Amino acid sequence: MGGGFRRVVEDCQFNGYHLPKGWVVQYQITNTHKDNNIYSHPETFDPDRFLAEEKPYGYIPFGAGLRECIGKEFARLEMKILAVRLVEKYDWQLLPNQDLTLTAIPTPHPRDGLQVTFKPR
């Protein structure tokens, strides 16, 4: 699962565990995005839930805080342009008989990939 590593900067407690200063811990993006302490319906497909600014560190695919990727907004712009072009310019169809069960290693994706045919409009 995607995530990152951070060094503990001062002794602290997390979920009843003592984390000493200097330890390296890993955070997992998927677990954060599905945390029901942050999102009321984490299993429901609702990309707009990530727009809420009152949930700091709730949306972290680009890191967060001082270590947030400087290319985050550029990547988001590229994704939006690609999505618009695919919807505007192509008819697309999901090919049948695929296992679309989500697998998460190395990153979340359908087990058989996502086989789609595109036809120019």
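The values are calculated or read from the model by the stated rules, or taken from the named source; none is laboratory data. No experiment lies behind these values; they were computed from the predicted model shown. Neighbour counts are summed over all protein chains in view; Cβ atoms, including those assigned to glycine, are modelled from backbone coordinates with ideal geometry. Each accessible area value is taken on the protein alone, full model and side chains, heavy atoms only, with ligands, DNA and RNA left out. Shrake-Rupley method; radii C 1.70, N 1.55, O 1.52, S 1.80 Å.
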Using only Cα atoms, tell me the angle between helix 72-89 and the longest principal axis of the chain; keep it within 0 to 90° and round to the nearest 10.
-> 20 degrees
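Within the stretch 1-91, which chymotrypsin sites (Phe, Trp or Tyr not before Pro) sit in a loop by DSSP and count at most 13 neighbouring Cβ atoms inside 10 Å? Mind showing how you got there, number by number?
Working: sites: F5, F14, Y17, W23, Y27, Y39, F45, F50, Y57, Y59, F62, F74, Y90; in loops: W23, Y39, F45, Y57, Y59, F62.
Sites meeting the loop and neighbour criteria: W23, F45, Y57.
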The chain: most fluctuating residue of I29, I60, I81 per GNM, C-alpha cutoff 10 Å = I81
Projected label distance in nm at L95 and M79, using a 7 Å step from Cα toward the beta-carbon | 2.5 nm
Per residue, how much accessible area does the chain show when a 1.4 Å probe rolls over the protein heavy atoms, in square angstrom?
-> 82 Å²
Step through the residues of the stretch 2-8 one at a time and calculate ³J(HN,Hα) from phi using the Karplus curve (6.51 cos²θ - 1.76 cosθ + 1.60, θ = phi - 60°), rounding each to whole Hz and writing x for Gly and Pro.
-> x, x, x, 10, 9, 8, 5
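If you wrap the chain's Cα atoms in a convex hull and average its projection over all directions, what's the area in nm²? Walk me through the numbers on the way to the answer.
On the way: hull surface 40.0 nm².
Orientation-averaged projected area of the Cα hull: 10.0 nm².
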Expected vector for the stretch 107-116, Karplus 3J(HN,Hα) from phi with 6.51, -1.76, 1.60 and θ = phi - 60°, integer Hz, x for Gly and Pro, equals 9, x, 6, x, 3, 9, x, 9, 8, 9
Using the Cα gyration tensor of the stretch 1-46, the equivalent ellipsoid's semi-axes, largest first and to the nearest Å, work out to 26, 13, 6
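Counting DSSP beta bridges with both partners in the chain, what percentage is antiparallel, nearest 5? Working shown, then result.
On the way: 15 of 16 bridges.
Of those bridges, close to 95 percent are antiparallel.
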Fluctuation leader among G58, G16, G71 - the chain, Gaussian network, Cα springs under 10 angstrom | G16
Output the Cα-based Rg and Dmax of the stretch 69-121 in Å, rounding Rg to one decimal and Dmax to a whole number.
-> 14.1, 40
Between F118 and L51, what length in nm is gained on full extension when 0.36 nm per residue of separation is reduced by their alpha carbon distance?
-> 21.1 nm
Of the accessible area of the chain, computed with a 1.4 Å probe and all protein chains kept, carbon and sulfur make up a percent value of 58 percent
